[in-house]
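Structure first, commentary second.
The values are calculated or read from the model by the stated rules, or taken from the named source; none is laboratory data. Predicted, not measured: the structure shown is a model, and the values here were computed from it. All Cβ positions, glycine included, derive from the backbone under ideal geometry; neighbour counts span all protein chains shown. To get the accessible areas, we keep the full protein, side chains included, count just its heavy atoms, and leave off ligands, DNA and RNA. Shrake-Rupley method; radii C 1.70, N 1.55, O 1.52, S 1.80 Å.
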Amino acid sequence: MKTDIFHRKDITDTMVKAIGQRLNAGQLCALPTETVYGLAASGYDQAAIEKIYLAKGRPADNPLILHVANLAMLKDIAAYVSDDATRLMEAFWPGPLTLVFKKHAHILNAVTAGLDTVAVRMPNHPLTLKIIAAAQTPLAAPSANRSGRPSATTFQHVLDDLDGRIDMIIDDGDCAIGIESTVLDVSTDKMTILRPGLISKADIEAHLKRPVDVYAGSPETPKSPGIKYAHYQPNGHVTLLKGPLETMFETLQGIDKTPGQIVLCPNEWADHFSFLPVRPIGSLSDIRDMGQQVYKALREMDDLEMTDIYILLHPAMGDAILDRLKKAANQTILDLEGDR
Ligand code: TXA
Ligand code: MG
C-alpha cells in the first residue's frame, strides 16, 4: 500500500475536509497529538478498527481510546458522566488525560475489547481536533507504533513503523509531551489511575480535593488490559539500576566490558560513567524534557544495535517515566539499596 504523507504546514482546510472524509470512509491515518502519534480510524467502523490491530500487530484484547473533538461526541459514547469527571474535563481537556466511562451499548466491542467501559480523550492538538471534527466521528487511536515497540513521538518513528501499512500519515515533527496520556477510570465514583502520565495523581487530587487510587493489581488480571503486554522494549537487554549514585558507579565499573553496552542516565550523571558509552536522557530539573526524550532514546538503542542497556533511575523522574522504563526493562531492576 502507498502511504500518503501530509506535512502540517502544507495542510489547507480543503485537505482537512478530505482527510476527514477518508477516515469516515474507513481509511487509517497516523495523526500527531500532544502526547504521542496516534493511529486513527473511525471509532464506529468495525472493519477500519480491525485494520488498526492488523497494521500494529496488536493483540485484540487490548482496548482503544476514542478521540473526540467536542463534548457532543462524548454524549454518544459515555452512558454515565460523574460530576467529578465533568470537573476534570473542564480543567484538563483538551489535554493528556484519558477518562474511562461506562459505555453506551452501541460502542463496538472491537474498540473496548468487550469491556463495558470505554476510554475517551480530547487531544490538545488544533489540527487533529479539526480532523476529528471533519471526520464527523470519534476516532479510535492507539499509539502509532508497531505493537511492543516504543511509542512513536516523531514523524520518523511513525514512518519507520507504519509506512506502507496505512493510508495516510500527518507529519507534525516531534510531539510536545512525548509520553502517553494519564488514564483515569471514572466509570464508578471510586476513581483509579490505570496508567500514569504528565497529569499526576497530585494534579488530579488537588483539582478534586479528594483522594484517587492508583491501580496496583496483578498484571494477569489487569484493569487496563494493555498493562499485561510487553511494551516499549528495545531489542537489547535492558537493566534498570536503582540506588545511590556511588553504588551504581561501582556496579557498572565492575562488569566485563563488551561492545554494545550503553548507559542511559540523567544529564547530571553522564560524566561519572564515561568509561562506557552514555546517552543522557535529560535533566532531573526538567522532567518534561526527559519525558520527550525517553522513547527517542529507547528507539536509538535499536539503531545503534546496543545489546546491553543500563538505565539509571532517580525518584525525581516521576511515576510516568519510571513506569515506561520499567516496562521497557520488563521489570528487570537491580535494587542496589537492598544489596547494602
Ligand atoms: O496519549 C495517549 O493516550 C495516546 C494518544 C495517541 O492519544 N494513545 C495511547 O493509546 O497511548 P494506547 O492504545 O497505546 O493506550 C491505551 C491505554 C491502554 O493501556 C489500554 O489498555 C487502556 O488505555 N484502555 C483503553 N480502553 C480501556 C478501558 N475501557 N478500560 C481500561 N483501560 C483502557
Ligand atoms: Mg501504546
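With respect to Leu97, determine if the residue is open to solvent by less than 10 Å² (accessible area, probe 1.4 Å), in contact (Cβ under 8 Å) with a residue 12 or more places away in the chain and within 11 Å of ligand 1 (Cβ to nearest atom). Considered against the rule, which asks whether it is open to solvent by less than 10 Å² (accessible area, probe 1.4 Å), in contact (Cβ under 8 Å) with a residue 12 or more places away in the chain and within 11 Å of ligand 1 (Cβ to nearest atom), Leu97 comes out as yes. When Ile77 is tested against (1) within 17 Å of Ala144 (Cα to Cα); (2) open to solvent by less than 10 Å² (accessible area, probe 1.4 Å), just one condition goes unmet, and that condition is (1). Looking only at residues in segment 100-122 that are within 29 Å of Val16 (Cα to Cα) and out of contact with any strand residue (DSSP E or B) (no Cβ under 6 Å at 6 or more places or on another chain), the one that is surrounded by the most Cβ atoms within 10 Å (Cβ to Cβ) is Met122. Suppose we keep only residues that are touching a residue at least 24 places away in the same chain (Cβ under 8 Å) and outside any helix (DSSP H, G or I) within segment 1-25. Which one would you say is least open to solvent (accessible area, probe 1.4 Å)? Selected residue: Thr3.
Selection of segment 118-138 for residues being within 13 Å of ligand 1 (Cβ to nearest atom) and either under 16 Å from the mean Cα position of the chain (by Cα) or hydroxyl-bearing (Ser, Thr, Tyr) (or both) yields Ala119, Val120, Arg121, Met122, Pro123, Asn124, His125, Thr128.
If you check Ala79, Ala48, Ala41 for being over 23 Å from the mean Cα position of the chain (by Cα) and either at positive phi or at pLDDT 95 or above (or both), only one passes: Ala79. It is to be established whether one or more residues within segment 110-121 are at pLDDT below 95, within 16 Å of ligand 2 (Cβ to nearest atom), out of contact with any His (no Cβ under 7 Å at 6 or more places or on another chain) and hydrophobic (A, V, I, L, M, F, W, C). Yes, because at least one residue in segment 110-121 is at pLDDT below 95, within 16 Å of ligand 2 (Cβ to nearest atom), out of contact with any His (no Cβ under 7 Å at 6 or more places or on another chain) and hydrophobic (A, V, I, L, M, F, W, C). Would you mention how many residues in segment 146-179 are assigned to a loop (DSSP other than H, G, I, E, B), touching a strand residue (DSSP E or B) at 6+ places or on another chain (Cβ under 7 Å) and either open to solvent by less than 10 Å² (accessible area, probe 1.4 Å) or not acidic (Asp, Glu) (or both)? Summing the residues that are assigned to a loop (DSSP other than H, G, I, E, B), touching a strand residue (DSSP E or B) at 6+ places or on another chain (Cβ under 7 Å) and either open to solvent by less than 10 Å² (accessible area, probe 1.4 Å) or not acidic (Asp, Glu) (or both) in segment 146-179 gives 3. When we screen Leu88, Leu54, Leu115 for residues that are over 16 Å from the mean Cα position of the chain (by Cα), in a helix (DSSP H, G or I) and either closer than 26 Å to Ser200 by Cα or not aliphatic (A, V, I, L, M) (or both), the only hit is Leu88. Here is the figure for segment 203-244: residues that are over 20 Å from the mean Cα position of the chain (by Cα), at pLDDT 90 or above, farther than 28 Å from Asp303 by Cβ and of a type outside the set (Asp, Glu) total 9.
Of the residues making up segment 57-74, those that are surrounded by fewer than 19 Cβ atoms within 10 Å (Cβ to Cβ) and within 17 Å of the chain's Cα centre (by Cα) number 3. Residues in segment 180-203 that are closer than 27 Å to Leu127 by Cα, among the polar types (S, T, N, Q) and part of a loop (DSSP other than H, G, I, E, B): Ser181, Ser200.
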